[in-house]
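Only one structure is covered here, and it is reproduced in the block below.
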Amino acid sequence: MAEYPWYRTVEKGQPPEQGDFVYSCPIIVPPATIEEYKQVEADVITYDVLIMSQSCDLANKKIDLVLVCPVWPLRAIENSVPHFRKSSGKEDLRRGHLHAFHLLNKSEIDKFTEDFLVVDFRNVYGVHYDFLIEHLRRQGDRLRLLPPYREHLAQAFARFFMRVGLPADIPRFK
């Protein structure tokens, strides 16, 4: 059976692609309310994120804002999602039964050794393309999620957003 590596290292200066990790990325979080024509104060938080925008849009500079999602070590997100503390919760995550999250494998690449990682689709952020390029330049080398795992991530992201809640479902079969 062929082996498909999950990750590879991308050297500093390489253009960004979907599935690239961006470390310590400043994210602007707007306030809950904004008054028209008033100056706005916003919080800036720092996350490790994964680029979710399509690689072709990034390569052709068709977007100003790059979509990113926070990514957490599994052991860290267990604090905010108690279900992940249980083996059944981890198994739900592994099987893709929790649509708001996506599990990534461990990395054993030098300088990028990671435990299992969880991509959090609940909060999606936009980072200006030019800012991202500069931040990546300062960041140095980075980790990139490879196919087919990148496409699997994109499909999970799409499933999260395309969910449809019906007002009345078909009753269960007995």
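The values are calculated or read from the model by the stated rules, or taken from the named source; none is laboratory data. Keep in mind that what you see is a predicted model, and the values were worked out from it rather than measured. Here the Cβ is made from the backbone with ideal geometry for all residues, glycine too, and neighbour counts use every protein chain on show. Heavy atoms of the whole protein, side chains included, go into the accessibility calculation; ligands, DNA and RNA do not. Shrake-Rupley method; radii C 1.70, N 1.55, O 1.52, S 1.80 Å.
Observations on the structure shown:
- Percent accessible area from carbon and sulfur atoms, the range 50-174, protein chains only, probe 1.4 Å: 54 percent
- Loop GluC sites (Glu not before Pro), the range 105-174, which have at most 14 other Cβ atoms in a 10 Å radius of their Cβ (DSSP): Glu108
- Cα coordinate range in the range 1-95, projected on the principal axes (Å, largest first): 60, 38, 21
- The local environment of Tyr129, defined by Cβ-Cβ distances under 15 Å, has a net charge of -3 under the rule Lys, Arg +1 and Asp, Glu -1.
- Sorting Lys90, Lys174, Lys62 by accessible area puts them as Lys174, Lys62, Lys90; the probe is 1.4 Å, largest comes first, and only protein heavy atoms count.
- Relative frequency of Cα-Cα separations exceeding 28 Å in the chain, percent: 30 percent
- Full extension of the chain between Asp92 and Ile170 yields a length gain of 25.6 nm, computed as 0.36 nm times the residue separation minus the alpha carbon distance.
- Simple spin-label estimate for Ala158 and Ile45 gives 2.9 nm between the two label positions (7 Å along the Cα-to-Cβ direction from each Cα).
- Average accessible surface area per residue within the range 58-174, 1.4 Å rolling probe, Å²: 64 Å²
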